[in-house]
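The values are calculated or read from the model by the stated rules, or taken from the named source; none is laboratory data. Just so it is clear, the structure is predicted and the values come from calculations on it, not from any experiment. Virtual Cβ from ideal backbone geometry, glycine too; neighbours counted across all protein chains shown.
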Amino acid sequence: MWQYEQLESRLAGLCGQKEDAQSRYPHHPLVNELQQRITSASSSLSSAASADGNAHFSHCMMVAFNLNRCEAIMDQLDAEQGTGPVTEVCLDRRILALARDKVFVRWLAAQLSSLRGGLLRYTCRYRSPPLSEALALISVQRLDRNGWLLRLLRKLKSRIKGGNTHPARDQ
Amino acid sequence: MSRHKPQSNVEDIRSRLLAAENSLKVVSFDVFDTLIQRSLPHPDYSKTPAAKALLAECHHSNPDMTLHAVLHQRNLAESTLRSQAAEQGLDPECHIRDVFGHWVSALELQSANISIEELMELELASDQAVSFATPGMRELIEELSGFRLKLVFTSDMYYSKAMIYRLLEGCGYVGCFAEGYVSSEIKKAKYSGELFGHILLTEHLASDELVHIGDNIAADVHGAQKCGLTAWQFRDTQIESNHTTQSFLRRLRNKNPFWEGASWHGLNVGSTAHLQRAAHDPLYRISFQYLGPLFTNFVHRVIRLSIEQETQLLLFCAREGFLLQSLYSLILSRVSVTNPPAAHYAFLNRKSVYTASLHSIGPRELEMGFHTTNPTLRNMLVRFSLPVDELADLAITAGFTDLDSQLTNPLESAQLKRLLAKPQFKAIVETHRRNSSEQLTDYLDSLGFWQASRVAIVDVGWNGTVQEALSVAFGAQSECPEIYGYYMAFLKRMSSQLQPAFNCRGIYHDQSNCFSLGAFHRFVELFETACRAPHPTVSGFCVNPKGELVPEFEDIASEGYKQEKADERWVATVQAAILDYCEDYLETLPFRQGSPEDESAYILYQVDRLLRFPTREEADLLTRFGHSEGFGQSLVYVPAERDGPGHEKSTRPPKHHRVLWPEAEIAKKGIAGLNHLFNAARLLKTRRY
């Protein structure tokens with residue numbers, strides 16, 4: 001049977017990658033597509049197992065197509081993480097972990113105090129809950145009209161990647 | 001609160017409402033173009049599905065009735081009812097039930113199988129399918145629901161209040177509105193101010209306790225101000241830009257049907273999920289925008305053509321048939337067609353059918369065998385799936401020194417004539433032909449080929465070789481069906497083949513009829529790649545251990561297949577975008593008033609632009625593909641190993657190393673206007689645009 005076993009193992013591998021992608025980018029539109037493609041590939045693979053002749057090949061082709069698209073999505077997600085714009089998906093667990101750190105929170109509060117417009121109002125509204133929750137609620141696309149938050153998050157991200165646990169300790 | 005008329009987007013409205021929260025009791029929202037948007041070029045298109053249903057009823061008694069005539073009758077019914085209301089001193093508003101009653105009466109249906117209630121349900125369901133919440137508005141309404149404000153909706157519309165509730169719920173506004181005021185039920189309209197007066201009375205409000213928000217300056221702002229209310233005009237730059245474009249296109253469409261396609265194409269009819277994907281993936285976006293409409297339109301036209309020609313079986317040939325058949329299945333799953341032809345993806349290509357057509361080797365066969373960028377005896381034998389090793393000795397006795405020498409004029413080659421005349425050669429060819437013919441007969445039987453009276457080969461193009469080879473192989477047999485061919489483009493590059501009797505149809509470009517709708521035939525490789533199935537080239541058939549006849553594939557270790565594997569992810573992205581476009585197309589299909597044929601011209605115009613004047617990004621993305629037979633600049637060429645005397649490796653590129661898409665290479669240079677110069681030069685040289 002054409003590539004059937006190979007398709008089966010590729011699907012299993014992609015299921016694992018999907019779980020990881022879902023936790024890293026929970027609201028990314030491509031991750032939603034990833035989920036759909038894997039479901040579709042899984043269903044076609046089951047159909048292929050019970051079909052013969054031309055029908056078997058047709059199902060296998062659909063599996064291969066869906067898996068190829070999944071791999072393309074994973075490539076795209078990796079590319080975005082490396083070079084793409086920072087969006088709300090960057091407020092991931094690592095940044096939230098930083099936000100729980102009191103030193104970091106003081107540093108970030110100092111940064112935020114210099115900001116204008118929508119974000120100030122927004123942070124005021126969420127003053128009562130911890131700042132970590134406020135951060136999680138911030139929608140970058142909605143508030144970041146001037147690009148300052150984007151730059152801030154890029155800076156944070158590069159520092160996290162650079163090995164510093166948080167920027168406050170540099171000072 | 002002042003009576004100024006601020007123009008606000010969602011964010012501004014939020015700020016104003018938060019600031020005025022304490023002085024307000026009720027906030028009224030307009031529905032259409034404020035709370036919800038529709039993916040239609042114009043609101044009037046929402047009337048099309050019901051009109052199509054009635055047209056089907058009309059055809060029982062009046063086959064000449066047209067969709068436009070049915071729609072005209074509806075507009076007349078609405079006008080009549082509005083006039084009657086005005087004569088009674090009321091605002092000229094009418095209810096959908098009354099409109100449909102008058103409409104059905106005016107059409108004089110002898111026996112309607114569809115009731116007024118069913119028609120109303122159909123219109124609402126269709127409207128729900130293309131309606132979506134205005135970006136940001138649902139979040140605002142949800143936020144306001146937490147305040148002590150009462151939210152109501154107000155609409156000048158022929159729908160009932162209950163129908164508008166359902167429409168809003170379908171867009172996610174579940175339980176958000178405590179009340180709704182609709183002109184069709186109250187018989188009072190917004191633009192006269194009467195409806196706002198009615199709200200103040202019903203809600204027991206002072207005029208400064210109610211604010212109305214809507215997009216229409218006349219009805220929503222001036223109408224509210226007539227009652228002393230504060231009204232804010234909702235304005236969104238993107239929505240207004242879409243409306244301006246659509247109204248411009250509407251004027252153009254009235255003058256020239258070419259713009260019918262543009263109305264749908266320019267609308268961004270994509271679902272939110274698909275548009276979000278496009279925003280993250282440029283290759284997906286380009287494929288969705290240009291290739292999606294092209295392939296969807298082609299397959300839809302094939303369906304219509306096959307029904308018109310009463311074709312019983314469609315064979316989507318390997319490997320381009322993969323995408324085409326997927327589109328075919330998708331369209332048929334959503335479009336109601338009586339007796340559609342059966343369809344199969346068929347592992348038929350030149351290699352798997354040529355051999356069966358080798359009754360003799362004459363000019364036709366030589367042209368087929370040598371119609372390649374590298375015309376050598378070896379390549380000809382491989383093309384016909386003949387045993388190269390077995391025939392090599394015979395070739396040497398006929399005077400060949402090397403099977404890989406190029407034969408520039410095969411018909412005049414003395415060695416070739418001697419080889420073809422050898423009885424042993426003829427015997428080997430005949431044995432292979434018979435074996436291949438038997439296998440092909442069995443395979444075609446599994447597809448229902450012999451049971452059909454008319455079969456059509458469906459492919460992107462280009463020379464109809466599979467169709468021609470099948471006709472030559474089996475055409476003389478009495479049980480062989482008529483074999484038609486439906487191609488995106490029929491280029492007829494080979495002279496001796498395909499007489500008109502072969503029934504070829506190039507839908508966008510037909511060389512045999514000197515008919516062309518664009519320049520896309522100049523870079524056919526793009527379209528071949530976009531359709532390619534995720535399996536290696538088929539080289540023939542074999543019997544598997546279970547005794548089944550199955551396709552045999554090219555060696556996966558070959559250089560060509562390795563290159564194809566490297567492109568598979570991009571190909572899948574292109575195909576996913578095309579299939580997603582098709583889904584969106586099918587969503588809007590009930591609203592489209594023209595036929596797929598009407599939309600072709602604009603779609604090809606778009607593809608024409610892509611091919612002649614690509615942007616740098618388009619050129620970069622679409623030349624990523626490294627097709628094994630040559631693709632753009634990334635042509636894959638693997639020189640044959642030529643060791644020994646007389647076989648020195650040349651440093652010059654081989655003759656067939658050519659750029660297939662020069663416009664892309666020019667675009668990559670980033671010099672403005674260079675492609676226009678290139679196209680002008682090409683026009684002067686070839687004297688044809």
Helices (runs of 4 or more DSSP H) contained in the stretch B:1-115 and holding at least 1 residues touching a residue at least 24 places away in the same chain (Cβ under 8 Å) and within 30 Å of B:K150 (Cβ to Cβ): B:10-19, B:67-87, B:96-107
Taking the stretch B:314-331 as the search range and keeping residues that are in contact with a strand residue (DSSP E or B) (Cβ under 8 Å, 6 or more places away or on another chain) and in a helix (DSSP H, G or I), which one is surrounded by the fewest Cβ atoms within 10 Å (Cβ to Cβ)? B:S329
From the options B:D64, B:D98, B:D12, residue that is within 25 Å of B:I239 (Cβ to Cβ) and acidic (D, E): B:D12
Please determine whether any residue of the stretch B:393-405 is within 42 Å of the chain's Cα centre (by Cα), more than 22 Å from B:V455 (Cβ to Cβ) and modelled with pLDDT under 85. no
Would the stretch B:408-430 turn up any residue that is loosely packed, with under 15 Cβ neighbours inside 10 Å, in a loop (DSSP other than H, G, I, E, B) and among the polar types (S, T, N, Q)? yes
Matching residues, the stretch B:158-170, being hydrophobic (A, V, I, L, M, F, W, C) and surrounded by fewer than 20 Cβ atoms within 10 Å (Cβ to Cβ): B:A162
When you scan the stretch A:13-26, do you find a residue that is touching a helix residue (DSSP H, G or I) at 6+ places or on another chain (Cβ under 8 Å), more than 14 Å from chain B (Cβ to nearest Cβ) and among the hydrophobic types (A, V, I, L, M, F, W, C), even just one? yes
Subset of the stretch A:31-41 that is within 16 Å of A:Y4 (Cα to Cα) and touching a Cys at 6+ places or on another chain (Cβ under 8 Å) - its residue that is farthest from the other protein chains (Cβ to nearest Cβ): A:I38
Per the list (1) in contact with a His (Cβ under 8 Å, 6 or more places away or on another chain); (2) at pLDDT 85 or above, residue check on A:N32 breaks on (1)
Where a residue in the stretch A:58-75 is within 27 Å of B:H344 (Cβ to Cβ) and within 8 Å of chain B (Cβ to nearest Cβ) and its partner, wherever it lies, is of a type in the set (D, E) and in a helix (DSSP H, G or I), with Cβ under 6 Å and at least six apart: A:N68/B:E568
When the stretch B:230-253 is examined, which residues are found to be among the hydroxyl-bearing types (S, T, Y) and at pLDDT 85 or above? B:T230
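So that you can scan it fast, the table gives a plain yes or no per residue for (1) aliphatic (A, V, I, L, M); (2) surrounded by fewer than 17 Cβ atoms within 10 Å (Cβ to Cβ); (3) within 12 Å of another protein chain (Cβ to nearest Cβ); (4) not in a helix (DSSP H, G or I):
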{"position": "B:V524", "(1), (2), (3), (4)": "yes, no, no, no"}
{"position": "B:T529", "(1), (2), (3), (4)": "no, no, no, no"}
{"position": "B:A533", "(1), (2), (3), (4)": "yes, no, yes, yes"}
{"position": "B:P551", "(1), (2), (3), (4)": "no, no, yes, yes"}
{"position": "B:I556", "(1), (2), (3), (4)": "yes, yes, yes, yes"}
On the basis of being more than 10 Å from every other protein chain (Cβ to nearest Cβ) and assigned to a strand (DSSP E or B), does B:G540 make the cut? yes
Matching option when the condition is within 14 Å of chain A (Cβ to nearest Cβ), within 24 Å of B:S329 (Cα to Cα) and either part of a helix (DSSP H, G or I) or at pLDDT 90 or above (or both), among B:L275, B:L283: B:L275
If a residue must be more than 23 Å from B:A533 (Cα to Cα), among the β-branched types (V, I, T), touching a helix residue (DSSP H, G or I) at 6+ places or on another chain (Cβ under 7 Å) and assigned to a loop (DSSP other than H, G, I, E, B), how many such residues does the stretch B:358-390 contain? 1
Residues being surrounded by fewer than 17 Cβ atoms within 10 Å (Cβ to Cβ) and modelled with pLDDT under 90 - total across the stretch B:341-363: 4
Select, from B:T311, B:T355, the only residue that is of a type in the set (V, I, T) and in a loop (DSSP other than H, G, I, E, B). B:T311
Helices (runs of 4 or more DSSP H) contained entirely in the stretch B:595-689, each with at least 3 residues that are charged (D, E, K, R) and at pLDDT 55 or above: B:596-612, B:616-622, B:662-669
With the condition being under 18 Å from B:H222 (Cβ atoms) and not hydroxyl-bearing (S, T, Y), I'd like the helices (runs of 4 or more DSSP H) fully within the stretch B:135-211 carrying at least 3 qualifying residues. B:194-203
Is it the case that B:R434 is modelled with pLDDT under 90, surrounded by fewer than 21 Cβ atoms within 10 Å (Cβ to Cβ) and of a type in the set (D, E, K, R)? no
